[in-house]
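Trainee: I have a structure here, written as structure tokens, and I will follow up with some questions on it.
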Amino acid sequence: NGVRINWRDNDLRSINGINLSLWSPGKRVSGTINGIGLGLAATAAGNLNGISVGGGAILADKNMNGINIGGVALVAGGSATGMNISGIAATADRALSGVNIGGLALIGAIVLLSLAPRLSARKGLRA
């Protein structure tokens, strides 16, 4: 609980507060960040809840909920819910729901309220 400053996100358990990562995540992306996750290269965890900002990317092995901003990409192994903004693409294995803004594409099984070309894992390209 509180403020955590680290070189890279790796083998996390639970963080409540502010997490600042200076480099890309390690091989074991796990745990939960509740609060604010900031990454110069990327922010990563099993679940991200709150505000997540990554210069390069935001990565969630499972779900991300809240305001998620990735300079290049936003990637969720489950769902991304809330406001999801990425410079190039936002992807989720399940649903992208809320306000979704992607520079080139939004990719998910279900994409709701989008401001970019949508690619659905099940139905192909949609305008």
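The values are calculated or read from the model by the stated rules, or taken from the named source; none is laboratory data. Keep in mind the model is a prediction, meaning the values are calculated, not measured. Neighbour counts run over all protein chains shown; Cβ positions are idealised from the backbone, glycine included. When the accessible area is computed, the model is the full protein with side chains, heavy atoms only, and any ligands, DNA or RNA have been set aside. Shrake-Rupley method; radii C 1.70, N 1.55, O 1.52, S 1.80 Å.
Trainee: Carbon and sulfur atoms: what percent of the 1.4 Å accessible area of the chain do they account for?
Mentor: Here carbon and sulfur together make up 63 percent of the probe-accessible area.
Trainee: Same structure, new question: Keeping every protein chain present and rolling a 1.4 Å probe, give me the accessible area per residue for the chain in Å².
Mentor: Per-residue value: 49 Å².
Trainee: Modelling each spin label as a point 7 Å along the Cα-to-Cβ direction, I'd like the MET83/ARG13 distance in nm, to one decimal.
Mentor: 3.3 nm
Trainee: Could you order the peptides 42-49, 83-90 from most to least packed, using the average number of other C-beta atoms within 10 Å per residue?
Mentor: In decreasing order of mean packing, 42-49, 83-90 become 42-49, 83-90.
Trainee: Sticking with this one: DSSP loop (so not H, G, I, E, B), at most 10 other Cβ within 10 Å: list which trypsin sites (Lys or Arg not before Pro) in the stretch 17-76 pass both filters.
Mentor: Those satisfying the criteria are LYS27.
Trainee: Could you order LEU96, LEU104, LEU59 so the one with the most accessible surface comes first? Probe is 1.4 Å.
Mentor: The ranking, largest first, comes out as LEU104, LEU59, LEU96.
Trainee: May I ask you to order 67-77, 6-16 by the average number of other C-beta atoms within 10 Å around their residues, highest value first?
Mentor: The packing order, highest mean first, is 67-77, 6-16.
Trainee: Sticking with this one: Select one label from (1) -0.57, -1.02; (2) -0.52, -1.18; (3) -0.37, -0.80: the one whose number is log10 I(q)/I(0) by the Debye sum over Cα atoms at q = 0.12, 0.18 Å⁻¹ as derived from the coordinates shown.
Mentor: Given (1) -0.57, -1.02; (2) -0.52, -1.18; (3) -0.37, -0.80, the structure-derived one carries the label (3).
Trainee: To the nearest 20 debye, what charge dipole does the chain have about its Cα centre, counting +1 at the Cβ of each Lys and Arg and -1 at the Cβ of each Asp and Glu?
Mentor: 260 debye
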